[in-house]
Amino acid sequence: MLTSFISRLVNGFGKSNTKLSSEQLEELVNSTYFDKKEIQLWYKGFLKDCPLGYLDQTEFTKIYKQYFPFGDPSTYSEYLFNLFDDDKDGKIYFNEFLKALSISSRGKVDEKLKWAFRLYDLNNDGVITEEEMLSVVSAIYEMIGAMISLPTDEDTPEKRVKKLFALMDKNNDGVVSEEEFKEGSINDKTILKSLQVYDGLV
């Protein structure tokens, strides 16, 4: 769901003279799939949209609302914001944004699955419950509204979650571990397709 945000940032390239320090730049080169020139361009675009140097949840949600006019992205954007906000200080700084962008656009499938698992693991306890999955899936359905026609076995969040849990919870213990999530996702074409949506975009 970063496409629209990326477009906004790209429009700001080249319009700021602010630069990262050599230490910050080196750290980001080592922790992302971007090179120095790309990082500097992303930074200029980020500062154009976020002159204070960070993005708060209100602004993050506003961006999503612009591009999902037929649904309500508030809850999903909250979950995604919490995933971006690594240090949980209520702000997304450039390094947090770039690392998330790096994984979603250029990361390996395993990295993307690990990232997606963290999105669903709302309480960060290392497993996904059916309630947690239902919360996130419901938020996605609320966001897309009537934009997409869904098959009858997935036309409600409850049906989708039931289908996913049957696929993923192999030992029937009522929770999905990270390994179960990865294995189940690889066997689900819809999930795999969603993980590839930003490949080659940046």
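The values are calculated or read from the model by the stated rules, or taken from the named source; none is laboratory data. Since the model is a prediction, treat every value here as computed from it, not as a measurement. Cβ sites come from the backbone with ideal geometry, for glycine too, and all protein chains shown count toward neighbours.
For segment 85-127, how many residues are crowded, with 20+ Cβ neighbours inside 10 Å, touching an Asp or Glu at 6+ places or on another chain (Cβ under 6 Å) and within 20 Å of Tyr43 (Cα to Cα)?
Number of matching residues: 1.
Working only within segment 135-160, note down all residues that are in a helix (DSSP H, G or I), surrounded by fewer than 13 Cβ atoms within 10 Å (Cβ to Cβ) and not acidic (Asp, Glu).
Thr152
Residue check, Val202 against (1) modelled with pLDDT under 90; (2) in a helix (DSSP H, G or I); (3) within 19 Å of the chain's Cα centre (by Cα), all met but one. Which one?
So Val202 meets the others, but not (2).
May I ask you to verify whether Tyr33 is in a loop (DSSP other than H, G, I, E, B) and modelled with pLDDT of 90 or more? Steps first, answer last, please.
Details: in a loop (DSSP other than H, G, I, E, B): yes; modelled with pLDDT of 90 or more: yes.
For Tyr33, the condition - in a loop (DSSP other than H, G, I, E, B) and modelled with pLDDT of 90 or more - is met.
Please determine whether any residue of segment 79-92 is in a strand (DSSP E or B) and either modelled with pLDDT under 90 or not assigned by TED's automatic domain parsing to the domain that holds Met133 (or both).
Step one: list which residues in segment 79-92 are in a strand (DSSP E or B), which gives 91-92.
Next, only the ones that are either modelled with pLDDT under 90 or not assigned by TED's automatic domain parsing to the domain that holds Met133 (or both) stay: 91-92.
Yes; the residues of segment 79-92 include at least one that is in a strand (DSSP E or B) and either modelled with pLDDT under 90 or not assigned by TED's automatic domain parsing to the domain that holds Met133 (or both).
Given (1) surrounded by 12 or more Cβ atoms within 10 Å (Cβ to Cβ); (2) not in a helix (DSSP H, G or I), where does Asp173 come up short, assuming only one miss?
(1)
Hey, among Val127, Val109, which residue is modelled with pLDDT of 95 or more and either under 20 Å from Asn82 (Cβ atoms) or of a type in the set (A, V, I, L, M) (or both)?
When all the criteria are applied, what remains is Val127.
For segment 122-134, enumerate the residues that are assigned to a loop (DSSP other than H, G, I, E, B) and in contact with a Ser or Thr (Cβ under 9 Å, 6 or more places away or on another chain).
Within segment 122-134, Leu122, Asn123, Gly126 qualify.
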